[in-house]
Every structure is written in structure tokens, then in C-alpha cells.
Amino acid sequence: MKVESRKPKVLVTALRQNHTFFAGKDLAERFQARDFQIGTELHTPDIILYLEYGYLGLTDLPELLKRVRQYPSAMHFLLSEADWPYPVLPGAYPSLARPTDWGQSWCYLPNLKTLAAHADASQLGSKYLFSFLGRTSTHAVRERLLEFDADKSPCVDLDKAAARLAGFDYTKSYLELVAESKFVLCPRGFGTSSMRIFETMSLARVPVIISDRWQPPPGIPWNEVSVRVPEKDVARIPKILRDLATESERMGRHAREIFNQKFSPAVFYDVLMTDLIAKYSNRSFSIEANLARAWSSLGWREIRSVGSRVKSLVTGELAHWRVQRH
């Protein structure tokens, strides 16, 4: 008689309620993992997976260490979708700007609403060589893309999209534009990465990644499914893509295969957790180890956030003192 091994229990949680946590909870409920038991109310978990969206910094360390003490025998991993991630735990950070020994880049949680609209969009033909639709105010490199706006290469700022695109509806228009393009420009914004890299792959189109500090998620032949252009070479994009136009269909098909194998809703948690365990299960999750990682990852943003917090507290105390005096 065959005895099935127990699936590791993964408690999905967050230091504070946020968009990524709710999206991750919904994903776990709608797409049951094959190799893991994943939930938000599990007792004696083997793994704690923190799903974070906004900025997490030094001021969050006390709460994080409290959770570590609460589950001393568990592995603690972090998936942070922050534009400026602070890698204090082993985990996955889509906008990781520099490599660490305990963290890697990864895909954002798949947007289920966007993916639900893919069926119609994916049937469209590729009438554009390349395209871009998004906010250009999030990074200077995005503003330069508007110079390419033409009939065969629509590059549109989101604020001008209603006037530029007939019958504009953001989700519908964005997906149709991606599906009608051989290549899709995926510039960095506030963070080093962009969700559109993975949305483009899911629609069997080729992402053109424009971000010097982007750390590619490991284990993927990115040179076969994407084009990477240095920020200083943005002006060369039209020529680069014209030269690659005949390869776009093959690259796009391969990109969708990779997305389905690595990042699609049906496999997202299984692939992510298997990868994190394989790479980081031998790491220490002790208080001392977490403090050491926090110190090693310290940068100007973390110091500035503490300064802002102290300033707010001091300002509040002074205001209270003035009120008390009067």
C-alpha cells in the first residue's frame, strides 16, 4: 500500500494588509497547489510566506522578528512586489536591483483579472512592429519612447491614450495593443522591473526589457524569449527590432511556453516554493541571521525612511506639547 507523503504547509501572511496579500490569498484559493498545502489560517506551518506590496523597511523589523519568534521552527520567505525591495529575508523580489546570496528576482503575482481577458486578445494578429502604453512620468527612459509613436509603432502615454486610441478602455486597449504587436516595450518605472514583461510573455509576444539594473529571474533562457536593450541605446530600438522581426513569432511562442511552465496561476506557488526551498532552506532564519541580512541590505532609502519616521514622531509630539500648553 502506497503512503502519500505529507504536503508542506505554507502559511500565507503579511506584516500589514496589502494588495499583494489579498491577490495571493485569492490565487491560493482558486488554484490549489499540487505539492504544497497553502492557506492563511494554518496551524504549525512548515513555511511562512510573507506577501508584501508597499515599502518594507527598518521600522518593520520589530514586527518581522516577532513573527520569527512566534514560528521558530519554520522557514520564513518573503515575496515583495515593492518597487524598492528591502531583502531582509530569503525570498523573491521582482524589482530586485542588486543580487544577494539569499534573494532572487521573480515574477509578480499573476493578475487574474488581466489573464481572464487574454482569451480574446491572444487571437489578434501582429500588425505593429512594437508598441508601448503606460505612464511615462515614472522614469526618464519612458519619456524617450514617445519619440517612436507612429502608425506601425504606437507608443502612447496613458494620460493621452483616450485621445490617441479609439474606444479607449485601459485593460482592453492595453491587452489588444500587446496582442497586436510583435514586440512590446517594457521599460523600467519606479522599480527596476515591470509587470508587462510577464503579461507580454503570457500573450506569446516578445518583451523588450529596458532596465539596466533589472535582475532576470533565474533558470530562464531570457535571450531566447526577450530582447534586452541598455537604457543608453533606446534610440536604436526600431532598428534592433526590425532586424529581429522574422524571429518574433518563434520567440513569442517560446515566451508563452516559459510563462505557462513557470509563472501561470496553475503553477505559480508550486514553482516558487520549490525554487525557494531548493536554494534557501539551508539558510538560518534566526533573529541574528535576519538582523545580519537587514544590516547587509541597508541603503540610503532605509536610513531616510527611519529619519522620516523620527521626524513625524517628533513633529507630532511638539504639536501635542503646544496644544497642552494652550
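The values are calculated or read from the model by the stated rules, or taken from the named source; none is laboratory data. What you see is a predicted model, and the numbers here were worked out from it, not measured in a lab. Reconstructed Cβ throughout: ideal geometry from the backbone, glycine too, with neighbour counts over all protein chains shown.
Given the options PHE190, PHE132, PHE168, name the one that is part of a strand (DSSP E or B) and either exposed (fewer than 13 other Cβ atoms within 10 Å of the Cβ) or outside the structural domain of ALA28 (by TED's automatic domain parsing) (or both).
Step by step, each of PHE190, PHE132, PHE168 is checked, and only PHE132 is part of a strand (DSSP E or B) and either exposed (fewer than 13 other Cβ atoms within 10 Å of the Cβ) or outside the structural domain of ALA28 (by TED's automatic domain parsing) (or both).
Can you tell me how many residues in the range 33-75 are farther than 23 Å from SER281 by Cα and under 20 Å from the mean Cα position of the chain (by Cα)?
Residues that pass the stated criteria total 4.
Out of the residues in the range 241-267 that are of a type in the set (Val, Ile, Thr) and in a helix (DSSP H, G or I), state the one that is surrounded by the fewest Cβ atoms within 10 Å (Cβ to Cβ).
In this case the residue turns out to be THR246.
Scan the range 141-165 residue by residue and report those that are among the hydrophobic types (A, V, I, L, M, F, W, C) and either in contact with a Phe, Trp or Tyr (Cβ under 6 Å, 6 or more places away or on another chain) or exposed (fewer than 13 other Cβ atoms within 10 Å of the Cβ) (or both).
Residues satisfying the conditions are LEU145, ALA150, CYS155, ALA161, ALA162, ALA163.
In the range 224-250, what residues are aliphatic (A, V, I, L, M) and either without any contact (Cβ under 8 Å) to a residue 12 or more places away in the chain or under 22 Å from ASP212 (Cβ atoms) (or both)?
Across the range 224-250, the qualifying residues are VAL225, VAL227, VAL229, VAL234, ALA235, ILE237, ILE240, LEU241, LEU244.
Select, from PRO238, PRO230, PRO216, the only residue that is more than 28 Å from VAL271 (Cβ to Cβ) and either surrounded by 15 or more Cβ atoms within 10 Å (Cβ to Cβ) or polar (S, T, N, Q) (or both).
On the way: PRO230 fails: either surrounded by 15 or more Cβ atoms within 10 Å (Cβ to Cβ) or polar (S, T, N, Q) (or both); PRO216 fails: more than 28 Å from VAL271 (Cβ to Cβ).
When all the criteria are applied, what remains is PRO238.
Could you identify the single residue in GLU257, GLU288 that is over 21 Å from the mean Cα position of the chain (by Cα) and farther than 19 Å from ARG188 by Cα? Can you show your working first?
On the way: GLU257 fails: over 21 Å from the mean Cα position of the chain (by Cα).
The match here is GLU288.
Being assigned to a loop (DSSP other than H, G, I, E, B), under 20 Å from the mean Cα position of the chain (by Cα) and either modelled with pLDDT of 95 or more or surrounded by 13 or more Cβ atoms within 10 Å (Cβ to Cβ) (or both) is the filter here, so list the residues in the range 5-32 that pass it.
ALA14, LEU15, ASN18, PHE31
Condition check ((1) assigned to a loop (DSSP other than H, G, I, E, B); (2) over 21 Å from PHE198 (Cβ atoms)) across all residues:
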{"site": "LEU49", "(1), (2)": "no, no"}
{"site": "ARG67", "(1), (2)": "no, yes"}
{"site": "SER73", "(1), (2)": "yes, yes"}
{"site": "PHE77", "(1), (2)": "no, no"}
